[in-house]
Amino acid sequence: MKPQVQPNKIVVLSGSGVSAESGLPTFRDAKGLWNSYSWQELASPEGWHRHPEAVLAFYNERRQKAWQAQPNAAHLAIASLESAYEVVIVTQNVDALHERAGSRNVVHLHGQLAYARGTSEPEPKRYRVDGDPIAMGQLCEDGTQLRPDIVWFGEAVQHFDEAEEHVATAARVLVVGTSLTVYPAASLVQYADRTAQKVLVALDMEEVPRGFTFLQGKAAEIVPALAAKWLSEVRVAE
Ligand code: APR
């Protein structure tokens, strides 16, 4: 049965571009992480097995920077929408800036820097580490080496079915700060309902998904204006 679109529901699909103006790097832009680091060596199970120390050092640095970063006007504007809408954020980001801005429903597809986990099966033990480093020799209660709770290339994303359901039932879908090049996250745009208002915000975009209005520019400049418009639409309707 086709999921029912909820008139008062907004889903935000966000990527690293929404945190760029908080000083955190994206991945594929000119100064993107994967232009200076190898994702094969630092963001894959194979790289972890080859040299876990280098992987821990890479994520310890990212965790510290993310912990020190502050939400920007785009994060805050998205959080402000909760005053009139049901808002769900489905993010590829591993920082906690949406939550820090006050957003209450955040689904992380690619894990979170603020958590570490063991490698025991079937259910690895998970621990909150906030901005603290993970060291070699730090073990979970099952005696396995702790690793960042991040989804690496080749690993299954988290909460995908839930994310798909949210996108399919939204009356408004905002895609912000993602190049939509990494799957299955990028496929979520296809679940947006035909009747939904669909907006994409990015500095540049090779191919804008069908049905989306492309607003080119910085998230911290464009998203607050869009949020103000959506909030005014509710007030008019009341
Ligand atoms: N405002 C809005 N958009 C921006 C800004 C900004 N200030 N800065 C950059 N962007 C846009 C770029 O135009 C680009 O479309 O953000 C996007 C960043 O794309 P990527 O670097 O590919 O990052 P992302 O889409 O988040 O990557 C997806 O890839 O490496 C993996 O797991 C990692 O979650 C990540 C996934």
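Taken together, the values in this text are just the output of simple stated rules run on the coordinates, not laboratory data. This structure is a prediction, so every number in the text was calculated from the model and none was measured. We place every Cβ from the backbone using ideal geometry, glycine too, and count neighbours over all the protein chains shown.
Identify the single condition in (1) in a strand (DSSP E or B); (2) within 16 Å of the ligand (Cβ to nearest atom) that Val88 does not satisfy, given that it satisfies every other one.
Of (1) in a strand (DSSP E or B); (2) within 16 Å of the ligand (Cβ to nearest atom), only one is false for Val88: (2).
The rows are residues; the columns are (1) part of a helix (DSSP H, G or I); (2) closer than 30 Å to Lys229 by Cβ; (3) within 14 Å of the ligand (Cβ to nearest atom).
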| residue | (1), (2), (3) |
| --- | --- |
| Phe58 | yes, no, yes |
| Ala77 | yes, yes, yes |
| Glu99 | yes, yes, no |
| Gln112 | no, no, yes |
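In a helix (DSSP H, G or I), farther than 18 Å from Gln112 by Cα and within 10 Å of the ligand (Cβ to nearest atom) - does that describe any residue in the range 29-50? Walk me through how you get there before you give the answer.
Restricting attention to the range 29-50, the residues satisfying the condition of being in a helix (DSSP H, G or I) are 33-36, 39-42, 45-50.
Keeping just the survivors that are farther than 18 Å from Gln112 by Cα gives 34-36, 40-41, 46-47, 49-50.
Restricting the remaining residues to those that are within 10 Å of the ligand (Cβ to nearest atom) gives 34-35.
Scanning the range 29-50 turns up at least one residue that is in a helix (DSSP H, G or I), farther than 18 Å from Gln112 by Cα and within 10 Å of the ligand (Cβ to nearest atom).
Would you check if there is a residue in the range 8-15 being among the small types (Gly, Ala, Ser) and assigned to a helix (DSSP H, G or I)?
Taking the range 8-15 first, the residues among the small types (Gly, Ala, Ser) are 14-15.
Then keep just the ones that are assigned to a helix (DSSP H, G or I); that gives none.
Among the residues of the range 8-15, not one is among the small types (Gly, Ala, Ser) and assigned to a helix (DSSP H, G or I), which makes the answer no.
Just to be sure I understand, how many residues within the range 180-217 are in a loop (DSSP other than H, G, I, E, B) and within 16 Å of the ligand (Cβ to nearest atom)? First the steps, then the outcome.
Filtering the range 180-217 for residues in a loop (DSSP other than H, G, I, E, B) gives 180-184, 192-196, 203-212, 217.
Filter once more, keeping what is within 16 Å of the ligand (Cβ to nearest atom): 180-184, 203-209, 212, 217.
Adding up the residues that qualify gives 14.
So, in the range 97-113, how many residues would count as being under 12 Å from Ala66 (Cα atoms) and surrounded by fewer than 21 Cβ atoms within 10 Å (Cβ to Cβ)?
1
Scan the range 67-93 residue by residue and report those that are over 21 Å from Ala114 (Cβ atoms), in contact with a Leu (Cβ under 8 Å, 6 or more places away or on another chain) and of a type in the set (Gly, Ala, Ser).
Across the range 67-93, the qualifying residues are Ala77, Ser80, Ser83, Ala84.
Quick check: is even one residue across the range 218-238 away from the ligand (no atom under 11 Å from the Cβ), surrounded by 19 or more Cβ atoms within 10 Å (Cβ to Cβ) and not in a helix (DSSP H, G or I)?
There is no residue in the range 218-238 that is away from the ligand (no atom under 11 Å from the Cβ), surrounded by 19 or more Cβ atoms within 10 Å (Cβ to Cβ) and not in a helix (DSSP H, G or I).
Taking the criterion of being under 18 Å from the mean Cα position of the chain (by Cα), outside any loop (DSSP other than H, G, I, E, B), of a type outside the set (Gly, Ala, Ser) and within 10 Å of the ligand (Cβ to nearest atom), would at least one residue in the range 152-167 satisfy it?
Initial filter on the range 152-167 (under 18 Å from the mean Cα position of the chain (by Cα)): 152-167.
Next, from what is left, pick out any that are outside any loop (DSSP other than H, G, I, E, B): 160-167.
Checking which are of a type outside the set (Gly, Ala, Ser) leaves us with 160-162, 164-167.
With within 10 Å of the ligand (Cβ to nearest atom) added as a condition, the list becomes none.
No: zero hits.
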